[in-house]
Amino acid sequence: MERRQFLKWTGATFAAGVVSGCVSRVDTGRAVVGAAPSQPLDAAAFRATRRFANLPFGRIAYVERGSGDAALFLHGAPLNGFQWRGAIDRLSSSRRCIAPDFMGLGYSEVPEHQSLAADAQASMLAALLDALGISAVDIIASDSGGAVAQLFLVRHPERVRTLLLTDCDTEPNSPPPKVMPVIEMARAGTLADATARWLTDTALARSTFGAGVFRDPSRFAEETLEYYVTPLVSSPLRRAQYHAFHVALAPNPLAGIEADLRRSQVPVRMVWGASDDIFPQADAHYLDRTFPRSQGIRFVPGAKLFFQEEFPDVIAEEARRLWRVA
């Protein structure tokens with residue numbers, strides 16, 4: 001029964017359809033169709049650059065490359081900073097790129113009773129930037145990392161130069177309905193076991209999870225799968241924290257935030273997977289209407305939730321475009 005529930009989540013629940021339509025300030029990005037993603041850093045190279053910051057929240061894992069003004073990359077779930085390897089490879093020539101692992105995901109090590117909710121994650125990021133001597137950042141965020149980015153912006157507006165949001169939570173859609181089965185599995189304590197199966201069944205991982213979040217799941221490499229999943233299921237504590245992270249996604253961590261976002265003067269740009277049905281195009285339009293200094297939307301045809309891995313050139317191009325505005 002547990003396996004059928006998991007397949008229902010990763011298969012039918014993640015089945016995405018292309019959403020059509022454009023409005024003003026929207027770039028469809030049609031030139032990207034058929035583009036072959038560039039080769040990103042491999043897992044071994046990324047692992048070799050991993051560092052840890054000893055904070056009141058625990059030992060926070062992060063990767064840092066480049067120099068100059070800092071850019072902060074916030075990943076989705078169940079991923080970690082490795083999600084941004086391709087973009088970091090392209091942007092580290094012009095930015096000090098910082099990719100932390102959220103508490104409860106990736107390689108960060110936190111105490112048993114540490115809150116893993118989005119507001120606690122935002123506080124952790126502030127402490128991490130303090131520890132690294134960084135006063136302000138350009139933020140690039142995805143999925144649940146986008147929710148944390150919005151909370152961080154509201155709490156620390158002076159620390160955010162620009163905000164590039166890819167498919168992510170919004171106040172009207174957090175958590176999205178298609179994530180609720182995952183949250184229920186976390187509450188039942190079955191999510192970690194279901195996820196662990198990916199380590200021994202790559203075909204299952206590609207045909208269920210991969211098919212729902214990647215345009216081409218065949219590119220979901222074994223080393224990528226291992227880098228994401230291994231820390232989540234490495235111990236009873238990490239399994240419990242993996243569950244706790246997802247349980248903390250509800251109730252809505254962004255409730256009441258819209259009024260603050262409407263007062264923001266930070267330049268914001270949305271880059272969205274046009275075939276993502278977890279965070280549909282309506283979410284991007286909502287953010288475009290809400291942020292006073294929105295720089296509009298770019299929809300990436302055929303792209304799904306975690307297109308950032310497949311099209312790092314798009315992320316790099318849009319980041320540089322946004323940074324020129326600031």
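Structure summary
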item: Alpha-carbon centroid distance for the pair segment 87-101 / segment 176-201, whole angstrom; result: 30 Å
item: Calculated [θ] (222 nm, deg cm²/dmol) that DSSP helices of n ≥ 4 give over the chain, each run adding -39,500 (n - 2.57); result: -9500 deg cm²/dmol
item: Pairwise FRET efficiency - Ala127 versus Glu184, Cβ, R0 = 30 Å, nearest 0.05; result: 0.40
item: Under 5 Å, built H, 5+ apart or other chain: amide partners of Leu74; result: Ile140, Ala141, Ser142
item: Additional length obtainable on full extension of the chain from Ala282 to Glu112, 0.36 nm per residue less Cα span; result: 57.5 nm
item: Förster radius 30 Å - calculated FRET efficiency between Arg293 and Ser94, Cβ distance, rounded to 0.05; result: 0.90
item: The chain: DSSP helices with Cα axial extent of at least 18 Å and average Kyte-Doolittle hydropathy no lower than -1.0; result: 118-131
item: Gyration tensor verdict on segment 2-323 (Cα atoms; rounded if a/c is under 1.5, prolate if a/b is larger than b/c, oblate otherwise); result: rounded
item: Radius 14 Å from Cβ of Ser94, net charge of other residues (Lys, Arg +1; Asp, Glu -1); result: +3
item: Approximate shape of segment 85-210 as ellipsoid semi-axes (Cα gyration tensor, √5λ), whole Å, largest first; result: 28, 18, 16
item: Check: the chain dipole with +1 on Lys, Arg Cβ and -1 on Asp, Glu Cβ, in debye; result: 380 debye
item: Pairwise FRET efficiency - Asp216 versus Asp69, Cβ, R0 = 35 Å, nearest 0.05; result: 0.60
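Values in this text are rule-based calculations from the coordinates and carry no lab data. Here the structure is a predicted model, which means the values were calculated and not measured. Ideal geometry is used to build each Cβ from the backbone, glycine not excepted, and the neighbour counts take in all protein chains shown.
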